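Before I ask anything, here is the structure I am working with.
None of the figures in this text is laboratory data; all of them are computed from the coordinates on show. These numbers were taken from a predicted model, which means no experiment stands behind them. Cβ placement follows ideal geometry from the backbone for every residue including glycine, while neighbour counts extend to all protein chains displayed.
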Amino acid sequence: GQQVMQIPQYQHVQEGEDFTTYCNSSTTLSNIQWYKQRPGGHPVFLIQLVKSGEVKKQKRLTFQFGEAKKNSSLHITATQTTDVGTYFCAGGSNYKLTFGKGTLLTVNP
Amino acid sequence: DAGVTQSPTHLIKTRGQQVTLRCSPKSGHDTVSWYQQALGQGPQFIFQYYEEEERQRGNFPDRFSGHQFPNYSSELNVNALLLGDSALYLCASSPGSGKINSPLHFGNGTRLTVT
């Protein structure tokens, strides 16, 4: 079945440094979604990418969808302590979203 | 405008028992998906309900079953509980109406512990 892999599993940065997490699917995706889960919380939807090569920005966050629609990335510029949490990508196929294992981001103030 | 609500928030059960978890979707949403999230892992898709029918199912045994009611609320039932069923069970709703992969709105989850 479809697999979605994310790297790195953990990332610790100093406040102000940049952060990137990468997502790779074993199959071509119809779309990819990104979610953020704060410690002790539930996943919260950030964005959805649908088109091949699509790039979207949300303030300091930049999301990319690969040309082959099998990979994606999330880049955070100048991290802040409020960025702490686990970032999940989720690949869409039919009516099912397959989540990666996530990247846990910790930020040292 | 209430978001997704789940009950109970925490539950402790013994191996072999059965459990029912409940979910009310966000207002205006008609599709409910259930996910299992083990500690340190991503959510794993269990199944999705739309128009009171199971529309898609993940790789979970038949011990996991569900139901959707006419008011779009949903239940997840797990029979013959195993220790490995201990996890956070997340309900997510979306304005599906037949649309593929609408963004999900998650509830706070039910933390199930099986002893």
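Please compute P(r) over all alpha-carbon pairs of the protein assembly as shown, binned at 5 Å starting from zero, and give each bin as a whole-number percent.
Pair shares across the bins are 1, 7, 15, 18, 18, 16, 12, 7, 3, 1, 0.
If you stretched the chain out fully between residue A:67 and residue A:26, how much longer would it get, using 0.36 nm times the residue separation minus the C-alpha to C-alpha distance?
Working it through step by step, the gained length comes to 13.3 nm.
Turning to a different aspect of this structure: What does the average come to when, for each residue of peptide B:35-41, you count the partner chain Cβ atoms lying within 10 Å of its Cβ?
Going residue by residue through B:35-41 and averaging, the value is 3.
Grab the Cα-Cα distance for residue B:67 and residue B:9, subtract it from 0.36 nm times how many residues apart they are, and report the gain in nm with one decimal.
Working it through step by step, the gained length comes to 19.0 nm.
Which part of segment B:52-84 falls in the paramagnetic zone of residue A:94, meaning amide N under 14 Å from the point 7 Å along Cα-to-beta-carbon?
In segment B:52-84, the label zone of residue A:94 (backbone N under 14 Å from the point 7 Å along Cα→Cβ) covers B:54-60.
Once you list every other residue whose beta carbon is under 12 Å from the beta carbon of residue B:115, what net charge do they have if Lys and Arg are +1 and Asp and Glu are -1?
+1
Moving to a separate point now. Within 10 Å of each Cβ of B:42-53, how many other protein chain Cβ atoms are there on average?
3
Additional query: Expected output is a single nm value to one decimal: the length gained when fully extending between residue A:10 and residue A:81, i.e. 0.36 nm times separation in residues minus the C-alpha distance. What is it?
That works out to 24.0 nm of additional length.
Report the charge-dipole magnitude of segment A:1-75 in Debye, nearest 20, computed about the Cα centre from +1 at each Lys and Arg Cβ and -1 at each Asp and Glu Cβ.
260
Sticking with this structure for a sec: So if the hydrodynamic radius of segment A:41-109 is defined as the Kirkwood radius over C-alpha pairs, what does Stokes-Einstein give as its diffusion coefficient at 4 °C and 1.567 mPa s, in µm² per second?
It diffuses with D of about 98 µm²/s by this estimate.
Just to be sure I understand the model, the point goes 7 Å from the Cα along the line to the Cβ. What's the resulting residue B:59 to residue B:27 distance in nm?
The answer from the label model is 4.0 nm.
Pick out, from B:77, B:14, B:35, the residue whose Cα sits farthest towards the positive end of the charge dipole of segment B:1-92, with +1 on the Cβ of Lys and Arg and -1 on the Cβ of Asp and Glu.
Going by the Cα projections, it comes out as B:14.
Within the P(r) computed for segment B:40-98, what percentage of the Cα pairs occupies the region above 18 Å?
It works out to 35 percent of all Cα pairs.
Under a point-charge model restricted to the Cβ atoms of Lys and Arg (+1) and Asp and Glu (-1), what is the dipole moment magnitude of segment A:57-106 relative to its Cα centre, in debye to the nearest 20?
Once rounded to the nearest 20, the dipole reads 100 debye.
On to the next question. Report the local net charge at residue A:105: Lys and Arg +1, Asp and Glu -1, summed over other residues whose C-beta lies under 15 Å from its C-beta.
0
Averaged over every viewing direction, what's the projected area of the C-alpha convex hull for segment A:1-96? Give it in nm², one decimal, please.
6.2
Still on this structure, I have one more. Which translational diffusion coefficient, to the nearest whole µm²/s, is obtained for chain B from the Stokes-Einstein equation, given a Kirkwood hydrodynamic radius over C-alpha pairs, 25 °C and 0.890 mPa s?
176
FRET efficiency for residue B:18 and residue B:39, Cβ-Cβ distance as r, R0 = 25 Å, nearest 0.05?
0.65
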